[in-house]
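The values are calculated or read from the model by the stated rules, or taken from the named source; none is laboratory data. Just so we're clear, the structure is a prediction, and the values are computed from it rather than from any experiment. Backbone-built Cβ (ideal geometry, glycine too); neighbour counts: all protein chains shown. SASA here: full protein model, heavy atoms, side chains in, ligands and nucleic acids out. Shrake-Rupley method; radii C 1.70, N 1.55, O 1.52, S 1.80 Å.
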Amino acid sequence: MSTEPIVKEYSNGEITVVWKPQACIHSGICLRGLPEVFDLKKRPWVTMDAASSEAIVGLVRDCPSKALSIKGVKFKEEDRSETQVNLIHGGPLIIRGGATVTNRNKEEVFHETVSFCRCGRSNKFPYCDGTHAQPKAK
Ligand code: SF4
Ligand code: FES
């Protein structure tokens with residue numbers, strides 16, 4: 001069986017959105033931010049002509065896991081005067097603007113953006129891996 005990661009691409013002829021489902025942590029930021037473009041009920045779930053390229057790029061930039069990206073574009077972290085903390089309902093706590101995390105080996109790891117698990121079910125604890133979006137085992 002192939003273990004190649006799935007990579008999908010969606011283009012409007014101007015920009016191409018790249019989607020890596022394995023990296024998604026189900027923050028729902030794309031679904032709430034541009035529901036006319038990102039809609040799980042549609043196939044394909046990305047409708048590239050439903051918003052401007054500028055709006056799509058702005059949204060993709062906000063994807064905390066980088067599951068969404070724009071082909072050929074490497075985003076620089078935005079200059080932020082302060083750290084932003086975003087609590088996702090039923091999901092992770094996302095910190096943007098830089099955070100240094102000390103792991104159990106007392107090593108310090110710097111993240112521009114980091115998502116902490118709040119449900120306690122992540123396989124990558126303390127980081128969110130999207131497990132919160134799956135039904136709990138009975
Ligand atoms: S992690 Fe990215 S792709 Fe996944 S739901 Fe959040 S914004 Fe969308
Ligand atoms: S909050 Fe996402 S896996 Fe726990």
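Of all residues in region 109-138, those being assigned to a loop (DSSP other than H, G, I, E, B) and among the acidic types (Asp, Glu) number 1. Looking across Ser65, Ser69, Ser52, one residue alone is within 16 Å of ligand 2 (Cβ to nearest atom) and of a type in the set (S, T, N, Q). It is Ser65.
Can you pull out the residues in region 57-113 that are in contact (Cβ under 8 Å) with a residue 12 or more places away in the chain, charged (D, E, K, R) and under 19 Å from Trp19 (Cα atoms)? Arg61, Asp62, Lys66, Lys71, listed by residue number. Out of the residues in region 55-91 meeting the condition of being within 13 Å of ligand 1 (Cβ to nearest atom) and of a type in the set (D, E, K, R), tell me which one is nearest to Gly28 (Cα to Cα). Top of the filtered list is Asp62.
If the condition is being surrounded by fewer than 18 Cβ atoms within 10 Å (Cβ to Cβ) and in contact (Cβ under 8 Å) with a residue 24 or more places away in the chain, then region 114-125 contributes Phe116, Arg118, Cys119.
Only strands (runs of 3 or more DSSP E) whose full extent lies in region 9-108 are considered here, and the ones with at least 1 residues that are loosely packed, with under 15 Cβ neighbours inside 10 Å are 84-87, 93-102. Within region 127-138, residues that are on the phi < 0 side of the Ramachandran plot reach partners that are open to solvent by 100 Å² or more (accessible area, probe 1.4 Å) with beta carbons closer than 9 Å, at six or more positions or on different chains, in the pairs Cys128/Arg118; Asp129/Asn123; Thr131/Asn123; Thr131/Lys124; His132/Arg118. Restricting attention to region 106-127, which residues are aliphatic (A, V, I, L, M) and away from ligand 1 (no atom under 15 Å from the Cβ)? Correct list: Val109 only. For residues that are small (Gly, Ala, Ser) and open to solvent by 30 Å² or more (accessible area, probe 1.4 Å), scanning just region 126-138, find the one that is farthest from ligand 2 (Cβ to nearest atom). Top of the filtered list is Ala137. Of the residues examined, Gly120 is not one that is within 18 Å of the chain's Cα centre (by Cα) and at positive phi.
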